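The values are calculated or read from the model by the stated rules, or taken from the named source; none is laboratory data. For clarity, every value in this text was computed on a predicted model and none was experimentally measured. Please note: Cβ atoms are built from the backbone with ideal geometry, for glycine as well, and neighbour counts cover all protein chains shown. Note: accessible area is taken over every heavy atom of the protein model, side chains too, but ligands, DNA and RNA are not part of it. Shrake-Rupley method; radii C 1.70, N 1.55, O 1.52, S 1.80 Å.
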Amino acid sequence: MLLDGDEWRATLRGFQSEAWRLETLPQYLVPQEAEELEAFRAGKRVDPHAYSSAYTEDLKRLRGEGKNKGRVHVLTRPLSEYLRFEFSRYYAPHVLAGEDIRILDVTERENPLPDVGDFWMFDRSTVVLMHYEGDGTQISRELYEGDPAPFIEWQRIAVAESVPFLEYAERVTE
């Protein structure tokens, strides 16, 4: 079953304790980000300590309710322009607002999740497969109707093998 529009928003907002995402692409082409990406290319940066958006406010609310939102991004260096943008524009302020973002850099090591694609998992029971074109354009979101056990294991591996975003960002300057 494909999730779009209201069904997707309800799934994304309806979790009880945890929403977690695995990201594996060096770029995501999102039309709504085009203007912000151009500003980044022009040298404009956000101050993660002062930045506020509906998303960061929602993260703070979720934390206050005892809910967790997190992700691991599997990547290689050199960082793509999009990853540098994503680190600056999203990850830094989102971590400060309460999202548990981690990085699994597989540049100089074997990828422990070599054939695993992007997905969201909600409450370790509902899995949504995220499908993309090769350039990072989203094709669809598909509700996975099988056993979530492999995804729970992939989450465990991703978290165990990754480092917190802020720690990674301090070490990587490229």
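Here the helices (runs of 4 or more DSSP H) wholly within region 1-95 that include at least 3 residues being open to solvent by 40 Å² or more (accessible area, probe 1.4 Å) are 5-13, 34-41, 54-64.
Given the structure, is ARG102 open to solvent by 20 Å² or more (accessible area, probe 1.4 Å), in contact with a Ser or Thr (Cβ under 8 Å, 6 or more places away or on another chain) and not in a strand (DSSP E or B)? For ARG102, the condition - open to solvent by 20 Å² or more (accessible area, probe 1.4 Å), in contact with a Ser or Thr (Cβ under 8 Å, 6 or more places away or on another chain) and not in a strand (DSSP E or B) - is not met.
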